[in-house]
Amino acid sequence: MNILLLGSGGREHALAWKLAASPLTDRMICAPGNAGIAREAECAALDIADHAAVIAFCRANRIDLVVVGPEAPLVAGIVDNLEAAGIKAFGPTRAAARLEGSKGFTKDVCRANRIPTAAYERFTAAATAKDYIRRQGAPIVVKADGLAAGKGVVVAQSIAEAEAAVDMMFGGGLGAAGAEVVIEEFLAGEEASFFALCDGETAIPLVSAQDHKRVGDGDTGPNTGGMGAYSPAPVMTDAITARTMDEIVLPTLRAMKAMGAPYKGVLFAGLMIGKDGPKLIEYNVRFGDPETQVLMLRLMSDLVPALVAARDGQLKSFDLRWYPDAALTVVMAANGYPGDYKRGSVIEGLDEAAQVEGVEIFHAGTKAEGGKILANGGRVLNVTAMGKSVREAQARAYEAVGRIRWPDGFCRRDIGWQAVKRERGG
Ligand code: AMP
Ligand code: GLY
């Protein structure tokens, strides 16, 4: 098969690494890709927002399957356009991608189907939103309805902070994404990332993962796209996983099918596990980044037939096998991230780092120039390792980090701390 993967981050590097390893893959192409992906796949300089250009590329290169990494093209309907052109694509249609594209839509699906989630209301004007905030009190969570590249959620500790978020969003601070806001109850508990492969009707859970969203050690500082992840997440016990499937994922699939928008692709549920069990924080309609980097290391089965079966509606008799080992990834980011940072600094020592046992280095934002690897983004490298325990995977990942010479980058030093503490019995 000829496979085209769309995207350019660490998630796509991990997917390309896994897809390229399949005996079913003849050609592996990634657009636009990065310097690390170029080692697994051919990289094509395509503008993936230009659906007509993607379709023309698929025809010229006889692409049998398109795998879409990020949410923006999904929400913009790239799967509908590809399928209409007779090209098979893995991922949800535009109508199904509303589960990520509109937070208000998802909350309404939850309410109508009794899916556990934070209590909420939707608003299109600041005055009514502020009234609601004053009646509910703080802490309270203010969310832009649309896609805001990870900047659309404000967990407000005070009424003033929540009101400021409302003003920022209705004032156009997030563009069209903030034309409507959802205000919801603050949920306490431990977060987990839950993924299910879906074919419109059947869902197969993937192994559990947890990411670290805050930039600083001890989960402090501003939110980021994710500074590291590990799998398995001990908070996702078998009982919590079963409840998540029965109370959240399967009712969502039934609801989407009933409204004529069956969900195919990977459904990523951000969960809060509190004293009443799992509650949905939000859906994403794609693989997580950096969670995918650890999931792909643990996946024993061939990913290609799994994605084809999801696309074809054939997951019913499908099964995925996983290595029992743990995996952990440390994100190396450019100094200054998630604020302003510089591009173009030189990264050395990657080959020595990759020699540490169990280690794979996925590139998130790099480019190759004159035989050198240069930083080309905020999150730049995902140093990923397997081990018999999270602790062993963590030790291997940090040993590899120690071999990378990049003075303009930094990473958190405590990725996996919750799991390591639990492994120690603490
Ligand atoms: P998101 O950008 O939707 O992934 O949200 C960013 C982060 O905000 C989540 O990972 C949570 O840590 C936090 N968050 C979102 N909604 C809530 C909520 N209702 N209660 C507590 N924390 C929340
Ligand atoms: N790691 C969170 C995300 O992919 O949105």
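A simple spin-label model places the labels of residue 422 and residue 160 3.9 nm from each other, with each point 7 Å out along Cα-to-Cβ. When we measure straight from the Cα of residue 107, which aspartates and glutamates land under 15 angstrom away, once same-chain ones fewer than 8 places off are left out? Counting by Cα, and skipping residues close in sequence, residue 107 has these aspartates and glutamates nearby: 121, 145, 180, 184, 185, 247, 282. Looking at 212, 263, 192, which one has the Cα that reaches farthest to the positive end of the dipole of segment 171-274 (charges on Cβ: Lys, Arg +1; Asp, Glu -1)? Highest projection toward the positive end goes to 263. Measuring between alpha carbons in the structure, the pairs from 18/367; 257/421; 151/367; 367/421; 103/213 lying more than 31 angstrom apart are 257/421; 367/421.
Which of the three applies to the chain, rounded, prolate or oblate, going by the alpha-carbon gyration tensor with a ≥ b ≥ c and a/c under 1.5 meaning rounded? Rounded.
Applied to segment 62-70, the Karplus parametrisation 6.51 cos²θ - 1.76 cosθ + 1.60 on θ = phi - 60° returns per-residue 3J(HN,Hα) values of 6, 6, 8, 8, 9, 10, 9, x, x Hz, with x for Gly and Pro. Say we join alpha carbon atoms closer than 10 Å with springs in a Gaussian network model of the chain; which of 18, 107, 151 then has the biggest fluctuation? Among 18, 107, 151, the largest mean-square fluctuation in the Gaussian network model of the chain belongs to 151. Pair-distance distribution P(r) for segment 205-287, from all Cα-Cα distances in 10 Å bins starting at 0: 15, 44, 30, 9, 1 percent. Given Cα pairs under 8 Å that are at least 6 residues apart, what percent is the relative contact order of segment 231-370? 18 percent. Sorted fewest first by neighbouring Cβ atoms within 10 angstrom, 259, 169 come out as 259, 169. Based on the alpha-carbon gyration tensor of segment 145-215 and its eigenvalue square roots a ≥ b ≥ c, which shape applies: rounded if a/c is under 1.5, prolate if not and a/b is larger than b/c, or oblate? Because a/c hits 1.5 or more and a/b exceeds b/c, segment 145-215 counts as prolate.
Can you compute the charge dipole magnitude of the chain about its Cα centre, using +1 on each Lys and Arg Cβ and -1 on each Asp and Glu Cβ, nothing else charged? Give it in debye, rounded to the nearest 20. Could the numbers behind the result be given before it?
Values: 47 positive and 51 negative charges, 48 e Å.
So the dipole magnitude of the chain works out to roughly 240 debye.
Listed from fewest to most Cβ neighbours within 10 Å, the set 65, 267 follows the order 65, 267. Computed extension gain for residue 410 through residue 348, at 0.36 nm per residue and net of the alpha carbon distance, reaches 20.9 nm.
Counting only helical runs of four or more DSSP H residues, what would the 222 nm mean residue ellipticity of the chain come to if each run contributes -39,500 (n - 2.57) and the total is spread over all its residues? Write out the running numbers ahead of the final one.
Numbers: 15 runs with 130 residues, N = 426.
Per the formula, -8500 deg cm²/dmol.
Taking 0.36 nm per residue of separation and subtracting the Cα-Cα distance, full extension of the segment from residue 56 to residue 369 would add 109.8 nm. Whole-Hz Karplus values for segment 417-423 come out as 4, 4, 5, 5, 4, 5, 4 Hz, taken residue by residue from phi with 6.51 cos²θ - 1.76 cosθ + 1.60 and θ = phi - 60°; glycine and proline positions read x. Extension gain, residue 389-residue 135: 0.36 nm per intervening residue step, less the Cα-Cα distance, totals 86.8 nm.
Only the coordinates and a few stated rules stand behind these numbers; no lab work does. It should be emphasised that the depicted structure is a prediction, and the values quoted were computed from it without experimental measurement. Heads up, the Cβs are rebuilt from the backbone with ideal geometry, glycines too, and the neighbour counts pull from every protein chain shown.
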